[in-house]
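A short worksheet on the structure shown next.
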Amino acid sequence: MRDRQASRDARRAREFEAFVAGAAGRLLHAATLLTGEAPNDAPRARRLLAPALAHTYARWHRLRGEDPYECARQYLATRFAHEAWRHYGAVGRGRPHPRSPLAELAPQERLILVLRMFEGVAEEQTAALLGLPVERVHAISDRATATVLHPARRPAPRVAGAKTASS
């Protein structure tokens, strides 16, 4: 009996390791886009990904035919939404890296844009996952896409000692 359980546990561990080897990079990239951190230094994204993988591992034997990537992505998205809701606006927390392509977006906009454009999740699925009407997801997705494609122009930095037009 113990041998059979040990064999099952070993097989489960090997299957999960293979899943992580294939999916962790893409999930980490999605988490990095969500948090807006620099790709080479993304501690918040890693802290977001670890529980998503742990949750997927805990459910591994119950997935039976379900996509483990979908399970991890759903947990990642809901955890990000929950943390962004709790921490958005706190000084220094939850702020994206200034050079991130998604820095101009609010957390909900980043989440919807990453799910829709990077992950290819349908509007209906995104709406169901976030508990929003499909029309709202569509409107947020459109607004976020427009913001990313046509960012607000910032004034050019002033050079010390440069004369202004009024001088």
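The values are calculated or read from the model by the stated rules, or taken from the named source; none is laboratory data. Source: prediction; values computed, not measured. Note that each Cβ is placed from the backbone with ideal geometry, even for glycine, and that neighbours are counted across all protein chains shown. Accessible surface is based on the protein model in full, side chains and every heavy atom, while ligands, DNA and RNA are left aside. Shrake-Rupley method; radii C 1.70, N 1.55, O 1.52, S 1.80 Å.
Scan region 15-42 for residues that are open to solvent by 30 Å² or more (accessible area, probe 1.4 Å), assigned to a helix (DSSP H, G or I) and either small (Gly, Ala, Ser) or at pLDDT below 90 (or both) and jot them down. Once the filter is applied, which keeps residues that are open to solvent by 30 Å² or more (accessible area, probe 1.4 Å), assigned to a helix (DSSP H, G or I) and either small (Gly, Ala, Ser) or at pLDDT below 90 (or both), region 15-42 yields ALA18, ALA21, GLY22, GLY25. Can ARG12 be described as among the charged types (D, E, K, R), surrounded by 13 or more Cβ atoms within 10 Å (Cβ to Cβ) and farther than 17 Å from PRO107 by Cα? The answer is yes for ARG12.
Mind listing whichever residues of region 19-33 are more than 23 Å from LEU63 (Cβ to Cβ) and aliphatic (A, V, I, L, M)?
Applying the first criterion (more than 23 Å from LEU63 (Cβ to Cβ)) to region 19-33 yields 32-33.
Correct list: LEU33 only.
Out of everything in region 143-152 that is of a type outside the set (S, T, N, Q) and within 17 Å of GLY120 (Cβ to Cβ), what residue ends up being surrounded by the fewest Cβ atoms within 10 Å (Cβ to Cβ)? Restricting to residues being of a type outside the set (S, T, N, Q) and within 17 Å of GLY120 (Cβ to Cβ), the top hit is VAL148.
Can you confirm whether GLY94 is at pLDDT below 85 and either of a type outside the set (Gly, Ala, Ser) or in contact with a Phe, Trp or Tyr (Cβ under 8 Å, 6 or more places away or on another chain) (or both)? Talk me through it step by step, then tell me what you get.
Details: at pLDDT below 85: yes; either of a type outside the set (Gly, Ala, Ser) or in contact with a Phe, Trp or Tyr (Cβ under 8 Å, 6 or more places away or on another chain) (or both): yes.
Yes; evaluated as a whole, the condition is true for this residue.
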